[in-house]
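The values are calculated or read from the model by the stated rules, or taken from the named source; none is laboratory data. Because the structure is predicted, anything quoted here is derived from the model rather than measured. Ideal geometry is used to build each Cβ from the backbone, glycine not excepted, and the neighbour counts take in all protein chains shown. Note: accessible area is taken over every heavy atom of the protein model, side chains too, but ligands, DNA and RNA are not part of it. Shrake-Rupley method; radii C 1.70, N 1.55, O 1.52, S 1.80 Å.
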Amino acid sequence: MKIYKIPDGFKIIELNNENITENELAELFELSLDKWRESYHMLPKPTFEYFKYQFKKKYPFYKIFNFVIKNNQNEVIGSSYIRITPPDSDAPDSEKKRANAMIRLKKKYRRRGIGKACLLKLLETIDGLGIEKITMGTPVDCGQKFCQHFGGEITDKSVTNYLDLKTANWSEIQRINSNIKDDNDGISLEIIDKLTEGNIEEYIRQTAKYLKEVSEYSNDWEFDEDFFIKESRINIPDSIKGGVKRIITYAWSEQKIVGISVLRSDPFEPKEVYTVISGVDKNQRKRGICKLMKTELLLHVKKNYPEHSVVTTSNDEENSAIRTTNKRLGFKELPVWKAYSFKIENLKSRLEE
C-alpha cells in the first residue's frame, strides 16, 4: 500500500489521549459542533464537558487512535479516529477483525484530497493487526458520497427522531396511553428509575434479548449476546458511577416480562434523554404494548424530570412499525444516518487508483 501523502500545506498529527491539553480538546470540540450544526441543530447543543468525558473515556475491550489535521497556520481543520479491538483482547474474533472509523473536515477543506489522506493514515495505523473491514457512518450527503466513492457498501440506514417535550401534544399522548390500557387488562407496567445490584442483571439480559432481534436489520452487525452481556457487566456499573441514569419500563403478562423500553440520560447532557431500546415479544405484538410503554415513560419523565427537554431515539429505516409509532406520538425525523462497510483489501485497491 502507498504511504499516505497529505496535500501540501496540511499535516496529520496523532494525539496522545492521556496528555491532550484543554486547548486541543476545545479545538476538537468546536470542530465536532459542525456535525450538530449541519444535521442536528434542532437538538440541544452538545456540551464541552460531555465531549471531554467521551474523548477520555477508557473502554475495557477497545483501543482508539485519534488524529488531528492542521494547516500551515496550525489551525485545526479536521479530525479522525479509528477504534479497534486489540488482538489480545478478551473479545470474540469477529470483533477483532473489524474497526470503526470517523473522518471529519471543515466544509471549505473538503474535496481536496485530505479525507483520502486521512483514510490512508488510518489504514497504516491498523496494518498487520488482522483487521478485515472498517465501518464508517454519516448523515451528511458529502460524507456519504465519500464513502461510496471508495467502495463502501451500505449496511445500515437509521433515522433519529426527536420529541420536544415543551411542545408535545400531552393530551394526545395521555389519550393513547389510556386507550391502550383499557384494551389490555392482562398487561401491567413496572417503571424502574434506578439500576441497582438487585435489578441490573435482569436489565442486561432483557436488553440483550431485544438487541439481538434489532441486529437482524443490519447486514453487518454480528451481535454476540454473550459478549454483550460480559461487556455490559463492566460498562453499565461504571456509567452509573459516572452519573448516567436509566429509566426502564417493563411490560408484564402472566408474571413474565414481555416488553421493555429504556431512556438514558447523561449528567453532561441533562436536557436530552435517549431511547436505548424499545421491544416487545413477537407473540405479544399488535396489541399496542410498545406505544403503551413509550407513552408511560414520556408521561413519567414529564412529571418527574423537568430538567429534560427533548427525547431522542434512533430506528432502522426499514422498521416501519416503530417509526409509525414515533410519528403518532409526535416525534420528528432527522436526516438518515448511513453506515458503510469497507473490506480492507478492496479499500486499499481503491485508494491506490
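May I ask you to list the residues in the range 283-301 that are farther than 23 Å from Glu216 by Cβ and surrounded by fewer than 17 Cβ atoms within 10 Å (Cβ to Cβ)?
Leu299, His300
Of the conditions (1) open to solvent by less than 70 Å² (accessible area, probe 1.4 Å); (2) modelled with pLDDT of 90 or more; (3) under 26 Å from Ile134 (Cβ atoms), Phe61 clears all except one; give me its number.
Of everything listed in (1) open to solvent by less than 70 Å² (accessible area, probe 1.4 Å); (2) modelled with pLDDT of 90 or more; (3) under 26 Å from Ile134 (Cβ atoms), Phe61 misses just condition (2).
In the range 124-133, which residues are touching a strand residue (DSSP E or B) at 6+ places or on another chain (Cβ under 8 Å) and not polar (S, T, N, Q)?
Within the range 124-133, the subset touching a strand residue (DSSP E or B) at 6+ places or on another chain (Cβ under 8 Å) is 125-126, 129, 131-133.
Within the range 124-133, Ile126, Leu129, Ile131, Glu132, Lys133 qualify.
Within the bounds of the range 303-310, is there any residue that is among the aliphatic types (A, V, I, L, M), buried (at least 21 other Cβ atoms within 10 Å of the Cβ) and at pLDDT 95 or above?
If we filter the range 303-310 for residues that are among the aliphatic types (A, V, I, L, M), which is where we start, we get 310.
Remaining after also requiring buried (at least 21 other Cβ atoms within 10 Å of the Cβ): none.
Checking the range 303-310: not a single residue is among the aliphatic types (A, V, I, L, M), buried (at least 21 other Cβ atoms within 10 Å of the Cβ) and at pLDDT 95 or above.
From the list Leu122, Leu43, Leu129, which one is open to solvent by less than 70 Å² (accessible area, probe 1.4 Å) and part of a helix (DSSP H, G or I)?
Numbers: Leu43 fails: part of a helix (DSSP H, G or I); Leu129 fails: part of a helix (DSSP H, G or I).
Exactly one residue qualifies, and that residue is Leu122.
Looking at the range 24-40, is at least one residue part of a loop (DSSP other than H, G, I, E, B) and within 18 Å of the chain's Cα centre (by Cα)?
Pass one, the range 24-40, residues part of a loop (DSSP other than H, G, I, E, B): 40.
From what's left, within 18 Å of the chain's Cα centre (by Cα): 40.
The answer is yes, given that some residue of the range 24-40 is part of a loop (DSSP other than H, G, I, E, B) and within 18 Å of the chain's Cα centre (by Cα).
When Lys70 is evaluated against the numbered criteria (1) among the basic types (Lys, Arg); (2) more than 17 Å from the chain's Cα centre (by Cα); (3) modelled with pLDDT under 90, which criterion, by number, is the only one it fails?
So the condition that Lys70 fails would be (3).
If only one of Gly137, Gly128, Gly113 is modelled with pLDDT of 90 or more, closer than 30 Å to Asp224 by Cβ and more than 25 Å from the chain's Cα centre (by Cα), which one is it?
Working: Gly137 fails: more than 25 Å from the chain's Cα centre (by Cα); Gly113 fails: closer than 30 Å to Asp224 by Cβ.
Of the residues listed, the single one that is modelled with pLDDT of 90 or more, closer than 30 Å to Asp224 by Cβ and more than 25 Å from the chain's Cα centre (by Cα) is Gly128.
Looking at the range 249-259, which of its residues are surrounded by fewer than 24 Cβ atoms within 10 Å (Cβ to Cβ) and part of a strand (DSSP E or B)? Give the derivation first.
From the range 249-259, those surrounded by fewer than 24 Cβ atoms within 10 Å (Cβ to Cβ) are 249-250, 252-258; that's our starting set.
Correct list: Thr249, Tyr250, Trp252, Ser253, Lys256, Ile257, Val258.
Of all residues in the range 269-282, which are open to solvent by 30 Å² or more (accessible area, probe 1.4 Å) and outside any strand (DSSP E or B)?
Within the range 269-282, Lys282 is the sole residue that qualifies.
Which one of the conditions (1) modelled with pLDDT of 95 or more; (2) within 26 Å of the chain's Cα centre (by Cα); (3) open to solvent by 50 Å² or more (accessible area, probe 1.4 Å) does Asp93 fail to meet, given that it meets all the rest?
Against the list (1) modelled with pLDDT of 95 or more; (2) within 26 Å of the chain's Cα centre (by Cα); (3) open to solvent by 50 Å² or more (accessible area, probe 1.4 Å), Asp93 comes up short only on (1).
Say we look at the range 183-201 and pick out the residues that are outside any loop (DSSP other than H, G, I, E, B) and touching a residue at least 40 places away in the same chain (Cβ under 8 Å); which of these is farthest from Gly288 (Cα to Cα)? Please lay out each step first, then the result.
Start the filter on the range 183-201 by keeping residues that are outside any loop (DSSP other than H, G, I, E, B), which leaves 183, 188-192, 200-201.
Within this subset, residues satisfying the condition of being touching a residue at least 40 places away in the same chain (Cβ under 8 Å) are 183, 188-192.
Values: Asp183: 9, Ser188: 13, Leu189: 13, Glu190: 16, Ile191: 17, Ile192: 21 Å.
By that ranking, first place goes to Ile192.
Using the structure shown, decide if Ile3 is in a loop (DSSP other than H, G, I, E, B), open to solvent by 30 Å² or more (accessible area, probe 1.4 Å) and either at pLDDT 90 or above or of a type in the set (Val, Ile, Thr) (or both).
Numbers: in a loop (DSSP other than H, G, I, E, B): yes; open to solvent by 30 Å² or more (accessible area, probe 1.4 Å): yes; either at pLDDT 90 or above or of a type in the set (Val, Ile, Thr) (or both): yes.
In short, yes.
Counting just the residues of the range 321-341 that are farther than 30 Å from Gln148 by Cβ and in contact (Cβ under 8 Å) with a residue 40 or more places away in the chain, which one comes out least open to solvent (accessible area, probe 1.4 Å)? Walk me through it before giving the result.
Of the range 321-341, the ones farther than 30 Å from Gln148 by Cβ are 325, 328-330.
In the following step, the residues that additionally are in contact (Cβ under 8 Å) with a residue 40 or more places away in the chain were identified as 328-330.
Values: Arg328: 121, Leu329: 7, Gly330: 37 Å².
Of everything passing the filter in the range 321-341, Leu329 is least open to solvent (accessible area, probe 1.4 Å).
Looking at the range 304-320, which of its residues are free of Cβ contacts under 8 Å to residues at least 24 places away in the same chain and assigned to a helix (DSSP H, G or I)? It would help to see each step written out before you state the result.
Step one: list which residues in the range 304-320 are free of Cβ contacts under 8 Å to residues at least 24 places away in the same chain, which gives 306, 320.
The one that is free of Cβ contacts under 8 Å to residues at least 24 places away in the same chain and assigned to a helix (DSSP H, G or I): Ser320.
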